[in-house]
1. Starting from the Cα-Cα distance between residue 211 and residue 186, subtract it from 0.36 nm times their residue separation and give me the gain in nm to one decimal.
2. Sticking with the crude label model, points 7 Å out along Cα→Cβ, report the distance from residue 149 to residue 123 in nm, one decimal please.
3. With viscosity set to 1.002 mPa s and temperature to 20 °C, compute the Stokes-Einstein D of segment 75-146, Rh being the Kirkwood radius across alpha carbon pairs; µm²/s, no decimals.
4. Viscosity 0.890 mPa s, temperature 25 °C: Stokes-Einstein D of segment 181-237 from its Kirkwood Cα radius, in µm² per second?
5. Name the residue, out of 38, 234, 155, whose mean-square fluctuation peaks in a Gaussian network model built on the chain with Cα pairs under 10 Å.
6. Once the Cβ-Cβ distance between residue 39 and residue 69 is put in as r, and R0 is 22 Å, what FRET efficiency do you end up with, to the nearest 0.05?
7. Which aspartates and glutamates have a Cα less than 13 Å from the Cα of residue 333, not counting those fewer than 8 places away in the same chain?
8. In nanometres, what is the gap between the two model label sites at residue 18 and residue 105, each 7 Å from Cα along Cα-to-Cβ?
Amino acid sequence: MIAETIATQFDVPGRLVTLRPIGAGNVNDTYLVILRTTFSEEQYILQRINRTVFKDPAAVMSNMKVVTDHAHRRIASEADSADRIWQLPRVISAKDGGDFVLDGEGEYWRALSMIASTISYEKVSEPEHAAEAGLVLGHFQRIISDFPIEQLADTLPGFHITPAYLLSYDEALETETGQARLAALSEARRLSQFVEARREFASVLEDAREAGELRERPIHGDPKITNVMIDKFTGKGTCIVDLDTVKPGLIHYDIGDAVRSGCNPAGEETTDLSEVFLDLGLFEALVRGYLTEAKGFLTEKDKHYLFDSIRLITFELGLRFFADYLAGDVYFKTNYDVQNLNRARVQFALCESIEAREGKMRRILDRYCQ
Ligand code: GN1
Ligand code: MG
């Protein structure tokens, strides 16, 4: 169903003026909707939830609603002592009172409040930006850290469970498409060797969880740099968006994802591998920002696994992109043929750079964890 007919079904006043696609998400479709009344203009974010990825969109919305309600209460209670106005999108109800609109084709649409006068970037080049990204993630994790995970559904089983992605990768390799794509490019075979050399490492976080060293908490799940909103006037972070993947998990998935996306100045989509590296200046800033907020709720064991989680989540995303390439590009949206292969090459190059900087990164983590 076309977005225009859905856009007027939410509880926002005014007549529809226009609607345009925004954002560069790899999963959902996102639009900015503008409506006008006699005396004002209203803007909100309309999204169609990707049902191939999220099998139970209603559960995604329920998680989002309860967590944002909780976070808004925490933000309000701390407002007087905060150095900024922290924000977080609000779920806008449909006119029928629900958290989403279901169209005639079974697609789920949701509306979220617009965080105005903010901007997000695909890449990071300034340490100040990396520090704000770390601070925003730490702040978000902190204000949801006391939310009971029993009240959150597991909306994406297997999400960030690296050994499970290895299994899907093995399956994709066995398919006809997988075999053909592997045979066609020597670069694909190089990547498969890269994976083989890290098979054992893949279970580092899940082993620690099973051993009782790490425990689940509410997490964001997708704190990549494009999801961190920066105030256009002050340059400070104001919030983190894209709350689909808020669910129980290890906070390590989040910090790993924030570092892999916030400390590689080349971004995820470059095709020039020589530009890809873990920038230690950005890393130090991001860690400083993150731990300012997070130090208080991290255990010694949590801290112990920070480096591994950064290496792992970078490897994992490369593995996810590569497996999707082998499977015929069925999960991540693509604009050109070998895009998922290229995305995998970038993450694996970044993973190598992280491995080469292990000593320095561990020293930085230790310094700010004190
Ligand atoms: C997807 O939709 P988007 O772009 O926010 C993916 C993340 C990846 C990211 C990589 C639900 O996020 O896990 O890290 O692409 N989201 C899901 O760009 O799989
Ligand atoms: Mg997302």
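The values are calculated or read from the model by the stated rules, or taken from the named source; none is laboratory data. Everything numeric here is computed off the predicted structure, so don't read it as measured data. Positions of Cβ are generated from backbone atoms using ideal geometry, with glycine treated the same way; all protein chains shown enter the neighbour counts. For accessibility, only protein heavy atoms count, side chains too; no ligands or nucleic acids. Shrake-Rupley method; radii C 1.70, N 1.55, O 1.52, S 1.80 Å.
1. Value of the extension gain: 5.1 nm.
2. That separation, rounded to one decimal, is 3.6 nm.
3. Rounded to a whole number, D works out at 139 µm²/s.
4. Translational diffusion coefficient: 156 µm²/s.
5. 38
6. After rounding to 0.05, the efficiency reads 0.15.
7. Qualifying aspartates and glutamates at Cα under 13 Å: 29, 269, 324.
8. The two pseudo-label positions are separated by 2.4 nm.
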